[in-house]
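Everything on this sheet refers to the single structure shown next.
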Amino acid sequence: MEEGKGRRIIMFPLPFTGHFTPMIELAAIFHHRGFSFTIIHTSFNFPDPSRYPHFTFRTITHRNEGEEEDPLLQSKTSSGTDIVVLISLLKQCYAEPFRQSLAAEVGGGGKVCCLVSDALWGRNTAVVAEEIGVRGMVLRTGSATSMCVYEAFPVLKDKGYLPIQETRLDELVTELPPLKVKDIPMIETKELEKLYQILNDMLDGAKLSSGVIWNTFEDLERLSLMDCNNNLQVPLFPIGPFHKHSYYLPPKSRNKDDDKITEWLDKQDPQSVVYVSFGSIAAIEEKEFLEIALGLKNSERPFLWVVRPGMVQGAEWLESLPSGFVENIGHKGKIVKWVNQLEVLAHPAVGAFWTHCGWNSTLESICEGVPMICTPCFADQHLNGRYIADVWRVGMLLERSKIERKEIEKVVTSVMMEKEDGLRERCLTLKGRANVCLSRDGSSSKYLDKLVSHVLSFDS
Ligand code: UDX
C-alpha cells in the first residue's frame, strides 16, 4: 500500500523504552503504507539509529548539555531519579530545541503532513505545531482507562482521595469502580504539584491536537474509549496492539545471550516457566529482591528472571544474592540482564509472566495469552494490575507490600497449577479478541484505515 508515498511524518517520542518502542512501531505501521519518517529525538537516551535504517533521526540538544550545570545530570541523585522531576526537566530543556528542529524540518522542503508527539510532551507541541503550520497528533502509549482517571483527578482531589492517604488505600473509589485508592495512578515524588501539572498539560495537549492515536484495542477498553471520546472531543484511533500489525521492522539484533535464552527455553516443558520482568524503569529494594529470589527458588518451577543492572537499589547487579544462590539453582532458573520479551512471551515453554504491569508488557502478554502475576510499582501500573486481575481476569495480584517468599510461592503455584478457575481459558479468549480486532475487518484495522485517511486529509 502506497497511500502515503511522498509524504513525511515527523515524530517526537518521549525518550524512555516504554514510550519510544510504541512510537517506532507506529512509524513502522505507517511506513508500510508508504509514508516516510523523521524522528526528532532528545540527546537524552538517544537510540542507536542504525537499528532503524528506514527512518531519519535528528538529535536535539539542550543548553548546558554535559556541563556541570546540566539540570538533567543534576536530576540524578544518590537516592535515584525522581521521574516527575525528570519529565518536567525534559519538557523544559527541550522545548526550544524542539521548536527549532520542527521549524527546520517543515521549512526544509518535502511534504511534511503532520507531527506525532508523545502525549506526555503536553500542549507545547500542539502550540508549536500550529505556530509552524503543521497539524499535530498525539500518541498515547498508556491505556485509555488511565487517561480517564487522569481526567477525573480534580474530582478525586475534591472528594479527598488525592493526595493518597495510607489509611484509605483499600477503600473503593466509588466514582471509578473497581479501582481502589491504591490503584489511582500516582508516582512517588517530592514534587506532587509538578505531577498534577504534567498530567493536566497532557490532557490539554490531547484536546488541542488533531487526534489521539492509542496503543489499545476497542474490545479491551470500549467504555474508557467512549469516555475519552466525550472528554477529549477529538478523533480517537485505537489501532493497537501496535506490535501485532503485519509490517516490517528490522529484527532487533540478536546476540549470543538471546540464543542462550532460547536454547534454555527450548529445553523446558510447555507452559512450565515463570518469566519475571519489571520493565525498563522500576527499581526494587534489596530485601524485596531477596524475597523474590527465595520465593522463585522455593516454588520449584523453572524461571527466567530479568534483573536489569541498577534495578536493585544500592546494588550493581546480583551481588546481594546469598552466596551460592546462582550455582544452587543450576539449570532450574536463569537470571539475565535483558531479553527479547516478545520472543520470550511467544515461547511455548512460558506458563506465566510475573510483571510490573507496564502497559506494553500488559498488551504483549495479552497477545500471547500468557497469565500474569501482577506486582505494579508506580503510575498507571497500579491501575493496569487491577484491570488485569479484576476486570479482564487474566492474572492475579501480588502486591508489593506482600512480596514475601511464602506468598510468592503461593501465588506462583496457584497460577501455574491453574488453581484460579478458568484463568488460562480467559487468557486465550482475550488473545483471540485481540486477534479479531487486528484482523482485516477488525476494529483496529478499520481505525488504522481511518487514521491514514485522516492524515492524508491534512494535505487539502
Ligand atoms: C513505562 C512506565 O513505567 C509504565 O507505567 C508505562 O505504562 C509505560 O512506560 P516500562 O517499565 O518501560 O513502563 O514497561 P513497559 O510499558 O512494559 O515497557 C517495557 C518494554 O520493554 C516492553 O515493550 C518490553 O517488551 C520491553 N522489554 C522489557 C524487553 O524487551 N526486554 C526486557 O528484558 C524487559
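For the range 291-329: of the residues being of a type in the set (Ser, Thr, Tyr) and over 19 Å from residue 406 (Cα atoms), which is surrounded by the most Cβ atoms within 10 Å (Cβ to Cβ)? The residue in question is 320.
For residue 57, are the conditions met, namely being over 27 Å from residue 207 (Cα atoms) and without any contact (Cβ under 8 Å) to a residue 24 or more places away in the chain? Yes, satisfied. Scanning the range 393-447 for residues that are under 30 Å from residue 235 (Cβ atoms) and of a type in the set (Val, Ile, Thr) turns up 394, 429, 436. Screening residue 290 on (1) in the same structural domain as residue 372 (by TED's automatic domain parsing); (2) at pLDDT below 95 shows it passes everything except condition (2).
Restricting the range 376-392 to residues that are buried (at least 17 other Cβ atoms within 10 Å of the Cβ) and charged (D, E, K, R) leaves a set whose member that is nearest to the chain's Cα centre (by Cα) is 380. Note on the range 314-349: among residues that are in a helix (DSSP H, G or I), within 16 Å of the ligand (Cβ to nearest atom) and touching a strand residue (DSSP E or B) at 6+ places or on another chain (Cβ under 9 Å), the one that is nearest to residue 373 (Cα to Cα) is 345. As a summary of the residue check, residue 15 satisfies the conditions (1) in a strand (DSSP E or B); (2) touching a Ser or Thr at 6+ places or on another chain (Cβ under 6 Å) except for the one numbered (1).
Annotation: of all residues in the range 268-287 being in contact (Cβ under 8 Å) with a residue 24 or more places away in the chain and more than 16 Å from the ligand (Cβ to nearest atom), the one that is nearest to residue 331 (Cα to Cα) is 268. When 383, 397 are checked against the criterion of being aliphatic (A, V, I, L, M) and in contact with a Leu (Cβ under 9 Å, 6 or more places away or on another chain), 383 stands alone in meeting it.
From the list 407, 368, the one residue that fits, being among the charged types (D, E, K, R), closer than 20 Å to residue 299 by Cβ and at pLDDT 95 or above, is 407. Each residue in the range 268-285 was checked for being closer than 17 Å to residue 346 by Cβ and surrounded by fewer than 19 Cβ atoms within 10 Å (Cβ to Cβ), and 4 of them qualify. Do we have any residue at all in the range 293-313 that's aliphatic (A, V, I, L, M), more than 24 Å from residue 380 (Cβ to Cβ), part of a loop (DSSP other than H, G, I, E, B) and over 26 Å from the mean Cα position of the chain (by Cα)? The answer is no; no qualifying residue exists. If we scan the range 191-213, do we find a residue that is exposed (fewer than 13 other Cβ atoms within 10 Å of the Cβ) and either β-branched (Val, Ile, Thr) or modelled with pLDDT of 95 or more (or both)? The answer is yes, given that some residue of the range 191-213 is exposed (fewer than 13 other Cβ atoms within 10 Å of the Cβ) and either β-branched (Val, Ile, Thr) or modelled with pLDDT of 95 or more (or both). Go through (1) surrounded by fewer than 22 Cβ atoms within 10 Å (Cβ to Cβ); (2) without any contact (Cβ under 8 Å) to a residue 60 or more places away in the chain; (3) within 25 Å of the chain's Cα centre (by Cα); (4) more than 16 Å from the ligand (Cβ to nearest atom) one by one and return the number of the condition residue 91 breaks. So the condition that residue 91 fails would be (2). Taking residue 352 as the residue in question, decide whether it is crowded, with 23+ Cβ neighbours inside 10 Å and more than 8 Å from the ligand (Cβ to nearest atom). It is true that residue 352 is crowded, with 23+ Cβ neighbours inside 10 Å and more than 8 Å from the ligand (Cβ to nearest atom).
Table: residues versus (1) at pLDDT below 95; (2) within 16 Å of the ligand (Cβ to nearest atom).
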position: 22; (1), (2): no, yes
position: 40; (1), (2): no, no
position: 50; (1), (2): yes, no
position: 57; (1), (2): no, no
position: 63; (1), (2): yes, no
position: 66; (1), (2): yes, no
position: 74; (1), (2): yes, no
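If you scan the range 169-182, which residues turn out to be in contact (Cβ under 8 Å) with a residue 12 or more places away in the chain and either touching a strand residue (DSSP E or B) at 6+ places or on another chain (Cβ under 9 Å) or among the aromatic types (Phe, Trp, Tyr) (or both)? If the condition is that a residue be in contact (Cβ under 8 Å) with a residue 12 or more places away in the chain and either touching a strand residue (DSSP E or B) at 6+ places or on another chain (Cβ under 9 Å) or among the aromatic types (Phe, Trp, Tyr) (or both), then 169, 170, 173, 178, 179, 180, 181 are the ones that fit.
The values are calculated or read from the model by the stated rules, or taken from the named source; none is laboratory data. All figures in this text were calculated on a predicted structure; none of them were measured in a lab. In this analysis, Cβ positions are derived from the backbone assuming ideal geometry, glycine residues included, and neighbour counts consider all displayed protein chains.
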